[in-house]
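One structure is given here, and the rest of the page talks about it.
Read-outs: derived from the displayed coordinates by stated rules, not from any lab. Not measured: the values here are computed from a predicted model. Using ideal geometry, Cβ is built from the backbone for each residue, glycine included, and neighbour counts are taken over all protein chains shown.
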Amino acid sequence: MAVSETTVLSTDDGLKYFPPEREAAWFGLLAAHAELTRGLDAALSARHGLSLSAYEVLSRLAHAPDHHLRMSELAGRSQLSLSRVSRVIDTLEQRGLAERRSCPTDSRVVHATATDSGRTLVAEAQDTFFTTIEERFLGRLSCEEVALVGSIFQRLVTAGPPTT
């Protein structure tokens, strides 16, 4: 089905709305994202006591060289705000899963580090993470559809903001 050439429609009183194809694409993206993140959050929480955000942060740290990253870099890689990352690290620190460390060469920089316990928990939670994504998202698509969705999202991400 081709997308109509009209990108936005208007009611008689001037309220705008999408044509059905565009509405299905936009609201479908929002609903799919919400369903997947809720499912991941519930599964990780029930099986490992980790929120999706905590898993993402801990996983990024566990995969980083020497298992640590600057807090600002961690925020960028995890797609979370710096304040959200800081709150997640607070929770992980309380559980002994992560630590904050000052940078030895720059006192303004703080690194977050995954502890041995944190890396162990991430390793245990990976099966839940990947299985849930497969069950709720990738496994519902053909190989061709996965490739297409991947290329579409890559194009949207690498395009950057529109120029005005």
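Remarks
- Degrees between helix 143-159 axis and first principal axis of the chain (Cα, 0 to 90, nearest 10): 80
- Electrostatic bookkeeping for Thr131 treats Lys and Arg as +1 and Asp and Glu as -1; over the other residues with beta carbon under 13 Å from its beta carbon, the sum is -2.
- Axis of helix 20-48 versus longest Cα principal axis of the chain: the two differ by about 20°, to the nearest ten degrees.
- In plain terms, if you count all Cα to Cα distances in the chain and split them into 10 Å steps from zero, the share in each step is 9, 28, 29, 20, 11, 4, 0 percent.
- Per-pair calculated FRET efficiency, R0 = 30 Å: Glu23 and Val146 via Cβ, rounded to 0.05: 0.80
- Spin-label model distance (nm) - Glu73 vs Ala159, 7 Å beyond Cα toward Cβ: 3.1
- Adding -39500 (n - 2.57) for every DSSP H run of four residues or longer, then dividing by how many residues the chain holds, sets the calculated 222 nm ellipticity at -20500 deg cm²/dmol.
- Here the residues Thr131, Thr113, ranked from fewest to most Cβ neighbours within 10 Å of their Cβ, fall in the order Thr131, Thr113.
- Taking every alpha-carbon pair under 8 Å whose residues sit at least 6 apart, the chain reaches a relative contact order of 18 percent.
- Between Ser102 and Asp66, the modelled label-to-label distance comes to 1.6 nm, taking each label 7 Å out from Cα in the direction of the beta carbon.
- From least to most packed, judged by other beta carbons within 10 angstrom and beginning with the fewest, Ser83, Ser72, Ser51 follow the order Ser83, Ser72, Ser51.
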